Amino acid sequence: MALLQVNFMSQSLMRTVPVNVILPVDTENAPSSSEEQKPFQTLYLLHGIFGNYVNWLNKSRIQQWAEERNLAVVMPSGENSFYVDRLESHNLYGEFIGRELVDITRRMFPLSRKREDTFIAGLSMGGYGALRNGLKYHETFGCIAGLSSALITGSLEERTNDTSVLLERRDFAESIFGDLSKVKDSDMNPEWLVCRLINTGAPIPEIYLACGTEDPLLDPNRKFRDFLNEQDVPLTYEEGPGDHNWDFWNQYIQKVLEWLPLNQTIE
């Protein structure tokens with residue numbers, strides 16, 4: 001299993017960024033030098049708040065699980081951006097995840113360019129980022145998976161600064177999403193994106209959601225589940241014992257890999 005760290009100049013972020021890539025080119029079942037290498041199915045895997053591009057490698061066995069399934073995995077850094085675009089600071093994280101990262105990794109590595117072979121997933125903030133960008137860039141991603149997704153856009157307008165908890169403060173939310181009164185009717189709201197795709201007749205990626213029954217984000221995940229069911233959006237939803245932690249995410253990222261339509265599984 002090849003594990004590579006790539007640094008490249010991002011036009012979306014106007015700085016050099018690091019990305020980790022798991023590329024199963026050196027497994028026992030890899031083709032010989034005389035055989036043609038088929039393009040890899042690819043999972044773009046996003047970390048949560050306060051994390052970076054090494055989290056999934058350090059806190060899960062994603063490298064082993066990807067090797068077992070002959071799956072390429074791309075893990076970028078999203079800082080605390082929620083993977084949305086801020087024009088004022090040229091932090092275009094949505095553009096970076098949904099277009100630039102996919103394009104440059106496809107040029108660098110033997111990755112499939114087919115929508116049905118390209119997936120996006122994440123946990124917490126990264127779960128929201130996967131949903132938001134998987135839906136916005138629906139022509140690129142065939143499947144979306146969110147674990148304990150931080151589906152907080154519906155309650156942002158109610159926030160105040162009467163708390164010392166950074167993640168719950170209004171000014172913190174405004175630094176990420178801008179004018180909170182405009183978020184609901186924008187592409188930062190996954191529900192708005194789903195409605196737009198339905199109204200335009202565009203294909204909607206298949207969606208997988210999972211959340212722990214002790215997770216504080218359980219209620220917004222259930223609400224989003226109910227919304228998707230009402231709209232007849234293809235959805236697999238699971239709950240299980242667990243909190244907002246790596247014990248839960250390690251268990252359910254394996255379920256995500258089982259759910260994905262992988263066609264190169266190694267026995």
Practice item. Distance from a point 7 Å along Cα→Cβ of residue 11 to each backbone N in region 106-140: keep the residues under 19 Å and list them by number. Key: 106-109, 137, 140
Point to revise | Mean separation of Cα contacts under 8 Å (6+ apart) over length of region 33-77, as relative contact order % | key: 54 percent
Study note, to complete from the structure: Rounded to one decimal in nm, the spacing of the 7 Å Cα→Cβ label points at residue 103 and residue 254 is 3.9 nm
Review point. In the structure shown, do any of 59/136; 136/184; 59/255 have a Cα-Cα gap over 22 Å, and if so which?
Key: 59/136
Exercise for review: Per DSSP H run of at least 4 residues, take -39500 (n - 2.57); add these up for the chain, divide by its residues and hand me the 222 nm value, nearest 500 deg cm²/dmol.
Suggested key: -8500 deg cm²/dmol
Study note, to complete from the structure: Ordered by fewest other Cβ atoms within 10 Å, a rough proxy for footprinting exposure, 42, 200, 140 read 200, 140, 42
Point to revise | For 165, 54, order by how many other beta-carbon atoms lie within 10 Å, fewest first | key: 165, 54
Exercise for review: Report P(r) for the chain: all Cα-Cα distances, bin width 5 Å, range 0 to the bin holding the largest distance, values in whole percent.
Suggested key: 1, 6, 13, 18, 20, 17, 13, 7, 3, 1, 1, 0, 0, 0
Exercise for review: Could you sort 243-252, 223-232 so that the peptide with the highest average Cβ count within 10 Å comes first and the rest follow in order?
Suggested key: 243-252, 223-232
Check your understanding: Regarding region 128-267, what is the average projected area of its C-alpha convex hull, in nm²?
Key -> 9.8 nm²
Revision key, fill the gap. If R0 = 30 Å, then residue 171 and residue 214, at their Cβ-Cβ distance, give a FRET efficiency to the nearest 0.05 of 0.55
Revision key, fill the gap. Working note, region 151-192: Cα radius of gyration (Å, one decimal) and Dmax (Å, whole number) are 10.0, 31
Exercise for review: Quote the relative contact order of region 72-121 in percent (integer), defining contacts as alpha-carbon pairs under 8 Å separated by 6+ residues.
Suggested key: 21 percent
Practice item. Could you work out how far apart the two model spin labels at residue 232 and residue 196 are, taking each label as a point 7 Å from the Cα in the direction of the beta carbon, and quote it in nm? Key: 2.3 nm
Point to revise | Normalised alpha carbon radius of gyration of region 77-125 [divisor 2.2 N^0.38 Å] | key: 1.27
Practice item. Sort 195, 143, 211 so the one with the fewest other Cβ atoms within 10 Å of its own Cβ comes first. Key: 195, 143, 211
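Where a number appears in this text, it was derived from the coordinates with a stated rule and is not lab data. Quick caveat, the model's predicted, so the values are computed rather than measured. Don't worry about glycine lacking a Cβ; one is built from the backbone with ideal geometry, like all the others, and counts go over all protein chains shown.
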